[in-house]
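Data first, discussion second: the structure below is written as structure tokens.
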Amino acid sequence: MVRALSVREFRPIVAVKNFEGDAPIAFFAGAPNASFTGGFIMIAKSLFNSASVCTGVTRTTVVGGDAGAFCTTVAVFLISGFSVAIAPAPATAQTEPVDTEAVEMIKKEGLENSHVMNYLSWMTDVYGGRLTGSPALDGATEWALSSMKELGLKNVHKEEWGPFGRGWTVEHMSIQASTEYGTMLLTAYPKAWTPGTDGRVSGEVIHVKADTAEELEQYRGRLAGKIVLIQEIREVEEPFGPTARRLEDTNLLTMANASQRSRRGGGRRRFQRTEEQRARFEFQRELNNFIFAEKPLAILDRGSKGDYGTIFVSSAAVPSPANAGGGFRGGIRAWDVSKPETVPQLTLAVEHYNRIMRLIALGIPVEMDLDLQVAFDDSDPMEYNIIGEIPGTDPEVGDEVVMIGAHFDSWHAGTGATDNASGSSVMIEVMRIMKAVYAKKGTGPRRTIRIALWTGEEQGLIGSRAYVSEHFAESAGRGQPPTKFHPEYDKLSAYYNMDNGTGKVRGVYMQGNNKVAPIFRAWLAPFNDMGAATLTINNTGGTDHQSFDGVGLPGFQFIQEPIAYGPKTHHSNMDVYDHAIAEDLMQAATIIASFTYHSAERDDMMPRKELPTATRSPRTN
């Protein structure tokens, strides 16, 4: 008799380890006598207590898990035609202790008394997009400080970093196009830190098409007073498949099977441009500078993705000399106080952009009316992280710290719900859960639990990097090992981050730190029935845990369901409250609260990996 059992139904955690290397082949939510085929576990009752199956198996073993349950159990996994035999775990295996009573209290508070969606609504519906430097971020910051104080957190304060640059907000915008055949209502969003127009302006729409400096010359003297389109038509494919998705068992297996990548922390390798890509990048800079110098009324693009009204919007471009560098960490940025004068810039819905392009191709003149009013604020170039804590009570380890955090800033076209009010609301909810659980226990945490809501993340993790440099360790630059350590460096046990959308937690990226595997495996075990069971040696990039990991501190990001984060909400006008999933955020807050609790209560601080070494040459400009 054989029946299929979903991975989500499993309780113990098993890891298969290949002795040819240090990286685990796979982590599983295990069950007695299990074989894996095509993403499902088959329970083979006939193999129960049959140790003969392991005859000749010498290169694999169970790592961690429930030793008692597996001492008399043999499991055979068939993974895409590759067989892995799991031998009995040693009877002496040590399991990280789990406070089951506290876990049940955390589950009850997090799942039955959640406030997470209320926090999310305040951040998104009330304050909206929280662009770094904007009045909306300032208002949301004051709300967060007040909310933390209402929870009874201590040492609640804003922590300054910077200088950053200019504040910016949109006050009014209207846009439409017309031909001799009629008027077109358009959907567009201004790019962050773009200047406004001089009242309502009207001009002919012209498409600039040039692949060389010579081809650009045909437009010299022709762009002033015009609305310029700078991209070709983008073909829109109908979305026959689902827009949102959950992680399948095969996805989780691939993550668990991953071997550690070359970059420190198991992260993504540094992107290297080819000569052709560098040439295109430099010509794009030359093209932008040419158009800026011609002083058109506005520049419009249609973005590289998005359809059906979804528009992905980020920062405006500014004139930049060839030796200025590029990207967020080099060159001139749109938010710089001293940036050169630029031109109003907007991103248009791709369908509307394509229609105008087709009309131009037909030889039909298109006029556009635009009224964009923005406000800059140079009164305070500094920005602020938001800090609060529950003080530790153990005389021996109370000054040690467990940190949780998420970035509080967002882009401006939507309300920053999945990126990243979801993470911020979850982390505030974690602190609420911690206060409630410790109140019921009649004690405080052994270690201090600190929350940090970061700003400037969207511009390159600036807020969290500044905090790490101020409190823990300094380095010569991004990708460089630490050169100076502060006393607090030895007091941080771990930092847990959330910044991958609204999806529920499925496990943890271990950042190349094998030492935490048995600890995290034990802490995930009570949540296997909620879908959280996977550990991967690798990491996910582009968020604030990297500020900690970059100087050798234990910083971790959780594996989350992707939902529609990439194709629909990440940095788009559709990043709004309505696309957040309450059940997933409640689950995430509950699991992260348990990790936070156990990190604060365990006897030892979290183990650390070796200090990082340089992964790139220091920046010289």
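The values are calculated or read from the model by the stated rules, or taken from the named source; none is laboratory data. Because the structure is a prediction, the values reported are computed rather than measured. Here Cβ is always computed from backbone atoms with ideal geometry, including for glycine, and neighbour counts include all displayed protein chains. Calculation scope for accessible area: heavy atoms of the full protein, side chains included, ligands and nucleic acids excluded. Shrake-Rupley method; radii C 1.70, N 1.55, O 1.52, S 1.80 Å.
Would you kindly work out the equivalent ellipsoid of the range 349-448 from its C-alpha gyration tensor and give its semi-axes, the square roots of five times the eigenvalues, largest first in whole Å?
Computed over the range 349-448, the values are 52, 17, 10 Å.
Taking the full set of protein chains and a 1.4 angstrom probe, give the accessible area of ASP490 in square angstrom, rounded to the nearest 10.
For ASP490, solvent-accessible area is about 100 Å².
When the Debye formula is applied to the Cα atoms of the range 93-234, each taken as the same point scatterer, what base-10 log of I(q)/I(0) results at q = 0.15, 0.17, 0.19 Å⁻¹?
-1.02, -1.15, -1.26
Using 7 Å Cα-to-Cβ label points, what is the SER379/SER338 separation (nm, one decimal)?
2.5
Accessible area per residue for the range 158-310 in Å², computed with a 1.4 Å probe and the full protein assembly in place, what is it?
Averaged over the residues of the range 158-310, the accessible area is 58 Å².
Could you compute the FRET efficiency for ASP211 and HIS172, with r as their C-beta to C-beta distance and R0 at 30 Å, rounded to 0.05?
0.20
Positive end of the charge dipole of the range 315-448 (Lys, Arg +1 and Asp, Glu -1 on Cβ, about the Cα centre): tell me which of GLY405, VAL366, LEU348 has its Cα farthest that way.
GLY405
Compute the length gained on full extension between GLU160 and LEU185: take 0.36 nm times their separation in residues and subtract their Cα-Cα distance, giving the result in nm to one decimal.
On the way: separation 25, 0.36 × 25 = 9.00 nm, distance 4.31 nm.
This chain segment gains 4.7 nm when fully extended.
Which links in LYS108/LYS435; LYS154/LYS440; LYS149/LYS568; LYS435/LYS484 stretch past 23 Å when you go from one Cα to the other?
Check vs 23 Å cut-off fails for LYS149/LYS568; LYS435/LYS484.
Roughly speaking, to the nearest percent, how much of the range 137-198's 1.4 Å accessible area is carbon and sulfur?
On the way: 1260 of 3000 Å².
Carbon and sulfur together cover 42 percent of it.
Through the Karplus equation 6.51 cos²θ - 1.76 cosθ + 1.60, θ set to phi - 60°, convert the phi angles of the range 554-568 into ³J(HN,Hα) values in whole Hz; use x for Gly and Pro.
Rounded to whole hertz, the list is x, x, 9, 10, 8, 6, 10, 4, x, 6, 10, 4, x, x, 10.
Leaving ligands and nucleic acids out of the surface, order SER464, SER146 by accessible area at 1.4 Å, largest first.
Sorted descending by solvent-accessible area, the residues read SER146, SER464.
Using the reciprocal of the averaged 1/r over all distinct C-alpha pairs, how large is the Kirkwood radius of the range 400-481 in Å?
By the Kirkwood definition, the hydrodynamic radius is 14.5 Å.
How much solvent-accessible surface does HIS157 expose, in Å² to the nearest 10, with a 1.4 Å probe and all protein chains in place?
In the full protein context, HIS157 sits at about 50 Å².
Excluding residues on the same chain fewer than 8 positions from LYS609, give the aspartates and glutamates whose Cα lies under 16 Å from its Cα.
In chain and number order, the partners are ASP22, ASP490, ASP549.
How about the range 559-601: which chymotrypsin sites (Phe, Trp or Tyr not before Pro) there lie in a loop by DSSP and see at most 10 other Cβ atoms within 10 Å? Can you show the working numbers first?
Working: sites: TYR565, TYR577, PHE595, TYR597; in loops: none.
Here no loop site has a sparse enough neighbourhood.
For LYS295, which lysines qualify as cross-link partners when the Cα separation must be under 21 Å and same-chain residues fewer than eight apart are set aside?
Result set, ordered by chain and number: LYS191, LYS209, LYS226, LYS339.
If R₀ is 45 angstrom, what is the calculated FRET efficiency for the pair GLU601 and THR243, using the beta carbon separation as r and rounding to 0.05?
With R0 = 45 Å, the Cβ-Cβ based efficiency is 0.65.
Under the 0.36 nm per residue contour assumption, what length would be gained going from the current alpha-carbon distance of GLU150 and ASP529 to full extension?
So the chain would gain 133.1 nm between GLU150 and ASP529.
Ordering GLU282, GLU235, GLU429 from largest to smallest accessible area (1.4 angstrom probe), what's the sequence?
Result of the area sort, largest leading: GLU235, GLU282, GLU429.
Which log10 I(q)/I(0) values does the range 514-601 give at q = 0.18 Å⁻¹ under the Debye formula, counting every alpha carbon as one identical point scatterer?
-0.99
Kindly report, to the nearest 10 Å², the accessible surface of PHE312 as traced by a 1.4 Å probe over protein heavy atoms only.
The accessible area of PHE312 comes to roughly 30 Å².
Rounded to the nearest 0.05, what FRET efficiency do ALA476 and THR393 give with R0 = 51 Å and r taken as the Cβ-Cβ distance? Could you check?
0.85
Rounded to the nearest whole Å², what accessible area per residue is found for the range 475-620 with the 1.4 Å probe?
Value for the range 475-620: 31 Å² per residue.
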